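Below is one structure, written out as C-alpha cells; comments come after it.
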Amino acid sequence: EGDGLRKTLTKKRAEKKLREYRERFWAGALERGASPGQIEAIWEMMMSFAGYSFCKPHSASYAKVSYQSAYLRAHYPAEFMAAVISNGGGFYSTFAYLSEARRLGLAILGPDANASELAYAGQGRELRIGLQQLQGARRESLEALLLERERGPYRSLDDLLARLALPLSDLKILLRAGALDSLEPGLNRPQLMWQLLQRHREAGREPVLAWPEEGAWIPALDDYPEAQKIQDELETLGLLYRFHPLRLYEETLSRLDLVPARELARHVGRRVRTVGWLITGKVVSTKHGEAMEFMSFEDETGIYETTFFPDSFRRNAPRLNARQPFLLTGEVADELGAISLNVAQASPVERAVAGKIREAGTQREDAVALD
C-alpha cells in the first residue's frame, strides 16, 4: 500500500485515489490509538513527498544520462554521433549533428555500397553515412544489397548488377549519392551512369548467361561539374556532408564584418552581425499573448541561440527558412551564463549583400549571385 501511495503522489489528477488512501490511513491510525492531530500531521508530511518525488529522481536520471553522454562524446565521438543520428535522438537535425561531428574533427565519409551499413557507423576518427540516409531508395533494396554483400564485397558495378536485381530508380540514387564510386575507381559518375543504363537495359532483355563481359567499351565522358554533384548530394541525401553549405558563400561573406558563433561571448552588450543557417526554432507567446520565437542558428564554428522578440518576430519571421543562410544583426545578451543574440534584423545573405553593394554605389549584384 505504501508503494501504491507513492506512485499515486507522482501522478496528476489522482484526487479520488488519494481520498481513498487518506480514509484508509485515518481508519488504521485511529485503530492504533493515534490522535487526530498526529494523524493529520503525519498525512501532511507524506503529502509533501509529492513536491519532490518526481523532480528529484527525474533530475538525477537526466544528470546520469548527461554524464554518460558527455563521456561517450569525449572519448568515442564517432561512435556517439553515429548512434545519435541513426536512432533519431536529440533535439537537432542530422545536418546539425554532421556539422558538430565536423567541428569535433571527425572525417565524414559518404555512403558506399561496400563500406556502409544501413545505419551510420563510427570508428576511430571517421563517421560513415549509413544507407538509411538515401532519400527515395526502397528499404528492401538497401537490405538486399547488404544481405548479398555478406557473401563477399562487390568487385565492380558489373558484379553488383549480376548479383542483385534492384530497380533502376534505386540504383540511380545509389550512383548519384556516390555510393557506387568505389566499385569503379577509374570511372567518373557520367561513365558509371552510362554503364549502369547499358547493363540494366541489357539485363532486362537478355538472360543472365548472356551478361556482357566486364571490360566492355565505355565512352570518354567529362565528369559532372561540382554544382551538379552538390545538387545530386542534396537530392539523394537531403543534405551536404562533404562541407558546410556556408562554404558556398565564402567569397561573399569574406567581404563582411561578422562575429563567429564561438566569439559571441566576447561581445556581450554590443550590437553585432553574424551569419547563420537556421537549425530549429520554437514559437512561444508572451504574457500579453504576442508571438515571439527562440531560434537556433549555426555557422562553421558552432551553434548559437537567438531571440526574436514580438516586434522583431513580426518583421523577420515570414522570410526565415532553412534553405539559405541569413545575416543576423542584434545585441548579444548573457542570461545567467547563457549567451544569445537578441535579433533586430534578419536578411537572406544574397539580399543583404546586394543591398550593401548598392549603398556603396556599385552595380555588381551579379558577383553575389549565390544560386
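What the table below lists for this structure:
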{"read-out": "Residue match in the range 55-67 (condition: within 30 Å of LEU131 (Cβ to Cβ), assigned to a helix (DSSP H, G or I) and within 19 Å of the chain's Cα centre (by Cα))", "value": "no"}
{"read-out": "Total residues in the range 218-259, condition under 25 Å from ILE108 (Cα atoms), of a type in the set (A, V, I, L, M) and not in a helix (DSSP H, G or I)", "value": "2"}
{"read-out": "Matching residues, the range 256-267, being surrounded by 13 or more Cβ atoms within 10 Å (Cβ to Cβ) and more than 13 Å from ALA333 (Cβ to Cβ)", "value": "LEU256, LEU258, VAL259, PRO260, ALA261, ARG262, GLU263"}
{"read-out": "Candidate set from the range 111-129 (those that are in a strand (DSSP E or B) and charged (D, E, K, R)); member that is nearest to SER156 (Cα to Cα)", "value": "ARG128"}
{"read-out": "Residue, modelled with the lowest pLDDT, within the range 196-220, restricted to residues that are over 36 Å from the mean Cα position of the chain (by Cα) and surrounded by 13 or more Cβ atoms within 10 Å (Cβ to Cβ)", "value": "TRP211"}
{"read-out": "Total residues in the range 26-69, condition within 16 Å of LYS7 (Cα to Cα), aromatic (Phe, Trp, Tyr) and surrounded by 12 or more Cβ atoms within 10 Å (Cβ to Cβ)", "value": "3"}
{"read-out": "All positions within the range 268-300 that are surrounded by 14 or more Cβ atoms within 10 Å (Cβ to Cβ) and assigned to a loop (DSSP other than H, G, I, E, B)", "value": "GLU300"}
{"read-out": "Residue tally, condition farther than 11 Å from GLN123 by Cα and of a type in the set (A, V, I, L, M), over the range 69-91", "value": "6"}
{"read-out": "Neighbours by Cβ (under 7 Å, 6+ apart or cross-chain): first from the range 132-145, in the same structural domain as ILE173 (by TED's automatic domain parsing) and on the phi > 0 side of the Ramachandran plot; second among the aliphatic types (A, V, I, L, M) and assigned to a helix (DSSP H, G or I)", "value": "GLY136/ILE173"}
{"read-out": "Number of positions in the range 310-321 that are surrounded by fewer than 14 Cβ atoms within 10 Å (Cβ to Cβ) and either free of Cβ contacts under 8 Å to residues at least 40 places away in the same chain or touching a helix residue (DSSP H, G or I) at 6+ places or on another chain (Cβ under 9 Å) (or both)", "value": "4"}
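The values are calculated or read from the model by the stated rules, or taken from the named source; none is laboratory data. Everything quoted here is computed from the prediction, not taken from an experiment. A quick note on method: Cβ atoms are made from the backbone with ideal geometry, for glycine too, and the neighbour counts reach across all protein chains shown.
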